[in-house]
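Quick notes on the structure that follows.
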Amino acid sequence: MSRSASIRRETGETRINLSVNVDGTGRAQVETGIGFFDHMLTLLAKHSLIDLTVEAAGDLHVDAHHTVEDAGICYGLALAQALGDKSGIRRYGSATLPMDEVLVTAALDLGGRSYCVWRANIAGELLGTFNAPLAEEFWRAVSSQGAFNLHVICHHGRNTHHIVEAIFKATARALRQAVETDPRMSGVPSTKGVL
């Protein structure tokens, strides 16, 4: 059974087409109009091994907020749809990842409950046209619409680019673990029998 999904979202602020293949190879084809965000989504695909296609048109004349948040909504919805009832997945994933002076931990539970804990102080710095605190908006939208717990902790770091990139990479690695099929697990990984 293919673990893939496509989401189309159109509002007065954005128009997004997003597709994922959970059993991919990390291929990305991304066009959001926000260079740094494209870079983050590309490395999200690469490190999670979840193929990702994104075509987004947003009100960038206002700022990048709506495009980034709506892309997160679509990514979360696509993950949830692709995983279905989550039979046979590992469910949990975590990664602690260094990037030069930065150390980040991301941990998640694809257990069907939305909760995001964000312990990363990110300066309000522009990385190209991407306002760095939008990283939190993206991941909050993903965990909310994907119905999973996500904890992000930046243990230390100074360079804003490095902090945001380490967060995306660590979360990608945690997702990679959590969505993997577990050959020892039959059915849904919960004593409730449903996630």
### Summary
Of (1) among the aliphatic types (A, V, I, L, M); (2) modelled with pLDDT of 95 or more; (3) open to solvent by 10 Å² or more (accessible area, probe 1.4 Å), Ala178 satisfies every one except (3)
### Query
What are the pairs, 6+ residues apart or on separate chains, where a residue within the stretch 137-154 that is over 11 Å from Thr171 (Cβ atoms) and basic (Lys, Arg) has its Cβ under 8 Å from a residue that is modelled with pLDDT of 95 or more and open to solvent by 10 Å² or more (accessible area, probe 1.4 Å)?
Arg140/Cys116; Arg140/Trp118
### Summary
Of the residues in the stretch 141-174, those that are touching a Gly at 6+ places or on another chain (Cβ under 7 Å), under 18 Å from Phe37 (Cβ atoms) and open to solvent by 30 Å² or more (accessible area, probe 1.4 Å) number 1
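Among the residues of the stretch 13-36, how many are in contact with a helix residue (DSSP H, G or I) (Cβ under 6 Å, 6 or more places away or on another chain) and open to solvent by less than 20 Å² (accessible area, probe 1.4 Å)?
The first filter runs over the stretch 13-36 and keeps only residues in contact with a helix residue (DSSP H, G or I) (Cβ under 6 Å, 6 or more places away or on another chain), leaving 13-14, 16, 18, 20, 22, 26, 28, 30, 32.
Imposing the further condition that a residue be open to solvent by less than 20 Å² (accessible area, probe 1.4 Å) reduces the set to 14, 16, 18, 20, 22, 26, 32.
Qualifying residue count, the stretch 13-36: 7.
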### Task
Kindly indicate the residue of the stretch 55-69 that is touching a Ser or Thr at 6+ places or on another chain (Cβ under 7 Å) and buried (at least 24 other Cβ atoms within 10 Å of the Cβ) and also farthest from Arg8 (Cα to Cα) among those meeting that condition.
Thr67
### Query
What about Val188, is it under 24 Å from Ile34 (Cα atoms), of a type outside the set (S, T, N, Q) and either at pLDDT below 95 or touching a strand residue (DSSP E or B) at 6+ places or on another chain (Cβ under 9 Å) (or both)?
no
### Task
Within the stretch 57-76, identify whether any single residue is outside any helix (DSSP H, G or I) and within 14 Å of the chain's Cα centre (by Cα), and answer yes or no.
no
### Message
If Thr42 satisfies all but one of (1) open to solvent by 30 Å² or more (accessible area, probe 1.4 Å); (2) touching a residue at least 40 places away in the same chain (Cβ under 8 Å), what's the number of the condition it fails?
### Response
(2)
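Within the stretch 56-103, track down each residue that is without any contact (Cβ under 8 Å) to a residue 60 or more places away in the chain and in contact with a strand residue (DSSP E or B) (Cβ under 6 Å, 6 or more places away or on another chain).
Looking only at the stretch 56-103, we keep the residues that are without any contact (Cβ under 8 Å) to a residue 60 or more places away in the chain, and these are 56-59, 61-62, 66-67.
Hits for the stretch 56-103 are Ala56, Ala57, Gly58, His66, Thr67.
The values are calculated or read from the model by the stated rules, or taken from the named source; none is laboratory data. Note that the coordinates shown come from a computational prediction; the quantities given were computed from them, not determined experimentally. For neighbour counting, all protein chains shown are included, and Cβ atoms are generated from backbone atoms with ideal geometry for every residue, glycine included. In case anyone asks, the SASA skips ligands and DNA or RNA and just uses the protein heavy atoms, side chains included. Shrake-Rupley method; radii C 1.70, N 1.55, O 1.52, S 1.80 Å.
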